[in-house]
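Chemist: The structure is given below, and queries will be raised subsequently.
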There are 4 protein chains.
Amino acid sequence: MSLPGEFASDNAAPVHPVVMDAIAAANTGASPAYGADPWTHRAEQWFADTFGAESSTTLVWNGTGANVVALRALLKPWEAVLCTAQAHINVDECGAPERIAGCKLVDLPTPGGKLTPAQVEAALVGIGDQHRVQPRVVSLTQATEYGTVYTRDELRDISDIAHRHGLLVHMDGARIANAAAALGTSLRECTVDVGIDVLSFGATKNGAMGAEAVVVFDPALAASLPFLRKQTAQLASKMRYLAAQFIGLAHDDTWLVNARQANAMAHRLAEAIREIDGVTITQSVDANAVFALLPRAATEALQRDFHFYVWDEVTGEVRLMCNWATEPADVDQFVAAIRAELSR
Amino acid sequence: MSLPGEFASDNAAPVHPVVMDAIAAANTGASPAYGADPWTHRAEQWFADTFGAESSTTLVWNGTGANVVALRALLKPWEAVLCTAQAHINVDECGAPERIAGCKLVDLPTPGGKLTPAQVEAALVGIGDQHRVQPRVVSLTQATEYGTVYTRDELRDISDIAHRHGLLVHMDGARIANAAAALGTSLRECTVDVGIDVLSFGATKNGAMGAEAVVVFDPALAASLPFLRKQTAQLASKMRYLAAQFIGLAHDDTWLVNARQANAMAHRLAEAIREIDGVTITQSVDANAVFALLPRAATEALQRDFHFYVWDEVTGEVRLMCNWATEPADVDQFVAAIRAELSR
Amino acid sequence: MSLPGEFASDNAAPVHPVVMDAIAAANTGASPAYGADPWTHRAEQWFADTFGAESSTTLVWNGTGANVVALRALLKPWEAVLCTAQAHINVDECGAPERIAGCKLVDLPTPGGKLTPAQVEAALVGIGDQHRVQPRVVSLTQATEYGTVYTRDELRDISDIAHRHGLLVHMDGARIANAAAALGTSLRECTVDVGIDVLSFGATKNGAMGAEAVVVFDPALAASLPFLRKQTAQLASKMRYLAAQFIGLAHDDTWLVNARQANAMAHRLAEAIREIDGVTITQSVDANAVFALLPRAATEALQRDFHFYVWDEVTGEVRLMCNWATEPADVDQFVAAIRAELSR
Amino acid sequence: MSLPGEFASDNAAPVHPVVMDAIAAANTGASPAYGADPWTHRAEQWFADTFGAESSTTLVWNGTGANVVALRALLKPWEAVLCTAQAHINVDECGAPERIAGCKLVDLPTPGGKLTPAQVEAALVGIGDQHRVQPRVVSLTQATEYGTVYTRDELRDISDIAHRHGLLVHMDGARIANAAAALGTSLRECTVDVGIDVLSFGATKNGAMGAEAVVVFDPALAASLPFLRKQTAQLASKMRYLAAQFIGLAHDDTWLVNARQANAMAHRLAEAIREIDGVTITQSVDANAVFALLPRAATEALQRDFHFYVWDEVTGEVRLMCNWATEPADVDQFVAAIRAELSR
């Protein structure tokens, strides 16, 4: 469904037809605002079925909103977040966490986008020292900004370390569907079951129009969420249209179908270009992104016909992103172009 | 189109079919994220045509987001906003302006929801005194939270006073369409032409799904808007679906048709119940809201079949809100019920 | 000791000699920074003796710092403070509470500077409503900004109402010494014993150089204070010199002697000018301030020789402030001048 | 004057007698509050004489306050600060810059505590990208947290790069006196003359009681300072006592005498222990700090009699700090103890 050439962002994809249908189906007459409507109830029910009865879900507009609301629910003013240097919260939210949550992010260098338990432990310095912010949250992105996916064991190891030291674990799940599809687990098995305390659940990149959710797994956190959502300007008045997007993605596991398609296309792309002389795949292709080194001249030539980003201006590493609407023909056309360009 | 009985909120209305069509029409293949798409361009063009080439428009998710982004664009950290005690920013945004803009709201009592030039002038105290926040913005809601509408002369008088003292004027136009329809002016004539410096342009209550805009009329302010929008978690990745909503409302002046319908229904309601013994209309019915005193027992009985809010718990004043989807039959049915209840 | 003519502010007074001696006595060799010194220990001990073993005291630089740190210890991000419209936190801290605590102040009009239980109760609206900030703290100033003093019964009534509704009570005690002296109670009897939960303890106006303290009466609050103090830029590295100021004021109850002197001088002044034709005392003279209406011409003439503020530009009400260093001769000279001016 | 054994912090030093005398001399009768007093005028005059007539100085309580006020004067909400990973603002202010200025700190690894022009240039990424905070300030600490001192050329090179890209340069001069003494320049020659835009001027570590200043060199910045100081809770009511501290330090260049003494003692210490087997000096000893590796057992044994900090728990690196009151005998006694300990 995507036009040939779109490998820039999973946000470039359109809305999945099933989601669009669900939105249209919600457009029937008056309905109470701010979430007191049957669609929101159904969406919340799906989240409860998916993540367990103890979980509590708050619908928001976008990923930055989800992350900021989630972090605000976990932090006292002098507490800090440990995250990777590449984390979306650290580099792609224009300082929203610092500004709105008022918190410090302690960013740790992680070549492949994944934190390790040892890094978390090493960052636990100055505990109890009034001059220092106190680490309170470990924030993981799943799938990571580099398209890699934490295994369940890796997640469990980090959450164990975190919990042992009194920290909580936040997961930025902007691409949680891609991660679950990659791991072959349920959404629950790769989140709350491995110790995640709060999840930013991403739907937009997965085929929604503009909807994300904050899922908390500790009932004690739930009470603050409505106020934090409203104060963070994330409360939709006509909530049913956010809810409908989740209803659409839940229908016949559309979320999973979409995630599998995006992942499969990334693998198809990686496998094909891995063979090409002059191309180096730089990150493990676990989900729907391929990171690769191309000659700069090739990159520039290809960007005339294909959308994709240079991710690292220094090395020339590019990011090639597949989405739910990417078709094999899109990939094959891109591969052919890359091959042609590199054989010049 | 609304179910009988919905007078609680214009947010209870569904999305107008023309808007829904525009959204569906935007759902075609891949398109650049974050506003670099043709629909956003068309929406921005409509705003430029509407408000003048000097204006600059930034699309956001919701009203709180629009107001907070707008105020942030105008304020230094120690500067304050003058507003009414009833202002949405003051009572219905859960402290978002204080928290995110970090600013102080100086709220002034205004029985009918309208500030006066004299109030603004009287609030200009402590100028230059380092102990005091410095008034910098006058924020007006149009139509007001009490359904009243500032006349163009009233707006001009306030903006003149404000500008004379170096202040800027923000308009919370969550119901700007209803106000323009009520005044019989273009959108421009009742905003920038009477001295408004920045406008929160409301679309959601006017038939959109969830979309608002910040319109600034001073090009010098425009550069900060993208960063403020992103940092306030108001940047939509799939922007085309926000833009499409404005395209829909612009089509054949749907915004105006919708506003007129809502206003007309409020007048129909007010005219009918004004006659009923025991009902007192408490505010000038200028736009799409009717405020009235009913006996409490009647209110409680009516709330079993009709949605509407008690606005003032102390006096029992109720708010009866019409929207674009309210039909004469809805009003007549409500009027009949009120009449029946009060004749018991 | 004050120069003739100083009735502008108790901050105009010098440092009391006993305090200066205590500071000098602390200036002996090296000593650990940040409060791990014997002087800080002694000061903390005096606070524990004064307010009870359950109390915990944190020394800070100034009143704004004390108030902001205190409020931050009590509030979640969406919670609000009820205070008077005249409260120092509301009008004289340049928006520091909104900016640093990120909280909303809900200001209530109180002609004499005192909140009433009925006002507190009436302000408890929108509880549980996600659109509204949630009242969490009642902040009282004692003595008030109008020189009035809450009785113990008044304080108890307000704290009872507050606690019954789950709110906490903060006291801005910038002039707590003057209040205790006026009430004839111990510091404890007019604070924790009547339900105050956290106290901004003022020393600067009472004869110190620049030192205040935050006293919390619930041990559960104590853990956050060191971090909040540091993050609010209120942690003194050479803490011993702050501590010494409290040691000085504690010595031979210098704090009480100073407060009584300031109060006595205000009474002397009030009694004398009350008789003068053309002077109207406007507030109950309970502590060390006299508020009065004078003819504007007289005010202007007197301000050539005497420092004092016009408090209300509209009515011409003036504030005449006595301090620990004000002498009977100072008062008598001022009275004579007022009398002379009004007899022209 | 310091007790034997104090090498933990220059904040452990007492107040220099000349400063104490200046404070006592200011304690004469009433005087206007908040800086409208002759002592503040004299202090401001000294700053103008020192840094040039274009400069403007604002007195504050402490270093965190100075840094936060300074950064607030330079930053828009979405702008960021480039600093070293070791910077005081980054690790020792408990998140005050993030919380109060609301800004993001971009911390860069700098083994010796000094930024380089190349690092600054490499950090200028994402310029104009709405998703990214925009670098606006380079913050340098002088002398650095590692006791090193930027040369004038180094400072000029960084400020040139910064200015060329539209950034401003902040200097955290908590130990600016030590740096100037080390460089053999005037205060002006190593600040404004090499392109510093705003200086946090440190006095406390140099012999004051608790006083710092924000010096801005661009008159356009001066207007915001009073409001930012007040809102950051850094406005002293009895300002004369802060001013007096600067008057004391200015008297007979006491600031320089003190700085030279501290620096000389650090050099004496470094020269002596450099010879000892088992001791490795790890940083260039440019000012009043010595960083060294000692065997852990020796460190623990020495800490029984001497105060000093382990700076890096991983490597065991210790910080040995001299101050204005450190005497040769103090150093020699410490050296003897180290030698004795390492010869066991």
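Chemist: Would you mind telling me which numbered condition in (1) in contact with a Phe, Trp or Tyr (Cβ under 6 Å, 6 or more places away or on another chain); (2) surrounded by fewer than 24 Cβ atoms within 10 Å (Cβ to Cβ) B:Asn27 fails?
Modeler: Of (1) in contact with a Phe, Trp or Tyr (Cβ under 6 Å, 6 or more places away or on another chain); (2) surrounded by fewer than 24 Cβ atoms within 10 Å (Cβ to Cβ), only one is false for B:Asn27: (1).
Chemist: Looking at D:Ala53, D:Ala73, D:Ala22 in this structure, which one is in the same structural domain as D:Gln130 (by TED's automatic domain parsing), in a helix (DSSP H, G or I), open to solvent by 10 Å² or more (accessible area, probe 1.4 Å) and farther than 30 Å from C:Ala22 by Cα?
Modeler: Answer to the selection: D:Ala73.
Chemist: Let me ask something else. Is it the case, given these coordinates, that A:Thr40 is farther than 30 Å from A:Ala118 by Cα, open to solvent by 10 Å² or more (accessible area, probe 1.4 Å) and either part of a loop (DSSP other than H, G, I, E, B) or more than 8 Å from every other protein chain (Cβ to nearest Cβ) (or both)?
Modeler: Values: farther than 30 Å from A:Ala118 by Cα: yes; open to solvent by 10 Å² or more (accessible area, probe 1.4 Å): no; either part of a loop (DSSP other than H, G, I, E, B) or more than 8 Å from every other protein chain (Cβ to nearest Cβ) (or both): yes.
Against the criterion (farther than 30 Å from A:Ala118 by Cα, open to solvent by 10 Å² or more (accessible area, probe 1.4 Å) and either part of a loop (DSSP other than H, G, I, E, B) or more than 8 Å from every other protein chain (Cβ to nearest Cβ) (or both)), A:Thr40 does not qualify.
Chemist: Please pick out the residue among C:Glu145, C:Glu121 that is touching a His at 6+ places or on another chain (Cβ under 7 Å) and either among the charged types (D, E, K, R) or on the phi > 0 side of the Ramachandran plot (or both).
Modeler: Just one listed residue meets the conditions, C:Glu145.
Chemist: State the number of residues belonging to region B:58-70 that are open to solvent by less than 10 Å² (accessible area, probe 1.4 Å) and in a loop (DSSP other than H, G, I, E, B).
Modeler: 0
Chemist: Right, another one. With respect to C:Ala30, is the statement that it is at the interface with another protein chain (Cβ under 7 Å from one of its Cβ atoms) and among the aliphatic types (A, V, I, L, M) true?
Modeler: Numbers: at the interface with another protein chain (Cβ under 7 Å from one of its Cβ atoms): yes; among the aliphatic types (A, V, I, L, M): yes.
Yes; evaluated as a whole, the condition is true for this residue.
Chemist: Does A:Gln86 meet the test of being open to solvent by 30 Å² or more (accessible area, probe 1.4 Å), within 19 Å of A:Lys205 (Cα to Cα) and in the same structural domain as A:Met171 (by TED's automatic domain parsing)?
Modeler: yes
Chemist: If A:Asp172 meets every condition in (1) open to solvent by 20 Å² or more (accessible area, probe 1.4 Å); (2) closer than 19 Å to A:Asn11 by Cβ apart from one, which number is that one?
Modeler: The failed condition is (1).
Chemist: I would also like to ask the following. Starting from residues that are over 20 Å from D:Val69 (Cβ atoms) and in a loop (DSSP other than H, G, I, E, B), keep the ones in region D:179-190 and report whichever is least open to solvent (accessible area, probe 1.4 Å).
Modeler: It comes out as D:Cys190.
Chemist: In the set A:Val69, A:Val19, which member is within 9 Å of chain B (Cβ to nearest Cβ) and β-branched (Val, Ile, Thr)?
Modeler: After applying the criteria, what remains is A:Val69.
Chemist: Another question, if that's okay. Return the total of residues in region D:191-201 being surrounded by 24 or more Cβ atoms within 10 Å (Cβ to Cβ) and not in a loop (DSSP other than H, G, I, E, B).
Modeler: 4
Chemist: Spot the failing condition for B:Pro97; the list is (1) within 30 Å of D:Arg229 (Cβ to Cβ); (2) out of contact with any Lys or Arg (no Cβ under 6 Å at 6 or more places or on another chain); (3) open to solvent by 10 Å² or more (accessible area, probe 1.4 Å); (4) in contact (Cβ under 8 Å) with a residue 12 or more places away in the chain, and only one is missed.
Modeler: (3)
Chemist: Same structure, new question: In the set B:Val81, B:Val91, which member is more than 23 Å from D:Ala233 (Cα to Cα), in the same structural domain as B:Leu221 (by TED's automatic domain parsing) and of a type in the set (Val, Ile, Thr)?
Modeler: Going through B:Val81, B:Val91 in turn, just one is more than 23 Å from D:Ala233 (Cα to Cα), in the same structural domain as B:Leu221 (by TED's automatic domain parsing) and of a type in the set (Val, Ile, Thr): B:Val91.
Chemist: When you go through (1) closer than 30 Å to A:Lys205 by Cβ; (2) free of Cβ contacts under 8 Å to residues at least 12 places away in the same chain; (3) hydrophobic (A, V, I, L, M, F, W, C) one by one for B:Phe246, which number turns out not to apply?
Modeler: Answer for B:Phe246: the failing condition is (2).
Chemist: So which strands (runs of 3 or more DSSP E) stay within region C:265-344 end to end and still have 1 or more residues that are surrounded by fewer than 19 Cβ atoms within 10 Å (Cβ to Cβ), in contact (Cβ under 8 Å) with a residue 24 or more places away in the chain and more than 14 Å from chain D (Cβ to nearest Cβ)?
Modeler: Of the strands (runs of 3 or more DSSP E) lying wholly inside region C:265-344, those with at least 1 residues that are surrounded by fewer than 19 Cβ atoms within 10 Å (Cβ to Cβ), in contact (Cβ under 8 Å) with a residue 24 or more places away in the chain and more than 14 Å from chain D (Cβ to nearest Cβ) span C:289-293.
Chemist: For A:Asp129, indicate whether it is of a type in the set (D, E, K, R), open to solvent by less than 30 Å² (accessible area, probe 1.4 Å) and either within 30 Å of D:Thr64 (Cα to Cα) or in contact (Cβ under 8 Å) with a residue 60 or more places away in the chain (or both).
Modeler: Here the answer is no, as A:Asp129 does not meet what is asked.
Chemist: May I pose another question? If a residue has to be open to solvent by 10 Å² or more (accessible area, probe 1.4 Å), part of a helix (DSSP H, G or I) and touching a strand residue (DSSP E or B) at 6+ places or on another chain (Cβ under 9 Å) to count, how many in region C:213-252 make the cut?
Modeler: Count: 6.
Chemist: Further, regarding this structure: Counting only residues that are over 21 Å from B:Ala259 (Cα atoms) and within 14 Å of chain D (Cβ to nearest Cβ), give me the strands (runs of 3 or more DSSP E) lying completely in region B:79-178 with at least 3 of them.
Modeler: It comes to B:134-141.
Chemist: Looking at region B:100-118 only, could you name the residues that are closer than 22 Å to C:Cys103 by Cβ, of a type in the set (Val, Ile, Thr) and open to solvent by less than 10 Å² (accessible area, probe 1.4 Å)?
Modeler: Correct list: B:Ile100 only.
Chemist: Please find, among C:Glu121, C:Glu154, C:Glu145, the residue that is farther than 27 Å from B:Asp312 by Cα, open to solvent by 60 Å² or more (accessible area, probe 1.4 Å) and modelled with pLDDT of 95 or more.
Modeler: After applying the criteria, what remains is C:Glu154.
Chemist: Follow-up. Filter region D:262-276 down to residues that are over 18 Å from D:Asn11 (Cβ atoms), modelled with pLDDT of 95 or more and not hydrophobic (A, V, I, L, M, F, W, C) and give me whichever is farthest from the chain's Cα centre (by Cα).
Modeler: D:Arg274
The values are calculated or read from the model by the stated rules, or taken from the named source; none is laboratory data. What you see is a predicted model, and the numbers here were worked out from it, not measured in a lab. As a convention, Cβ positions derive from the backbone with ideal geometry for all residues, glycine included, and neighbour counts pool all protein chains shown. Quick note on the areas: whole protein, heavy atoms, side chains included, nothing else; ligands and nucleic acids left out. Shrake-Rupley method; radii C 1.70, N 1.55, O 1.52, S 1.80 Å.
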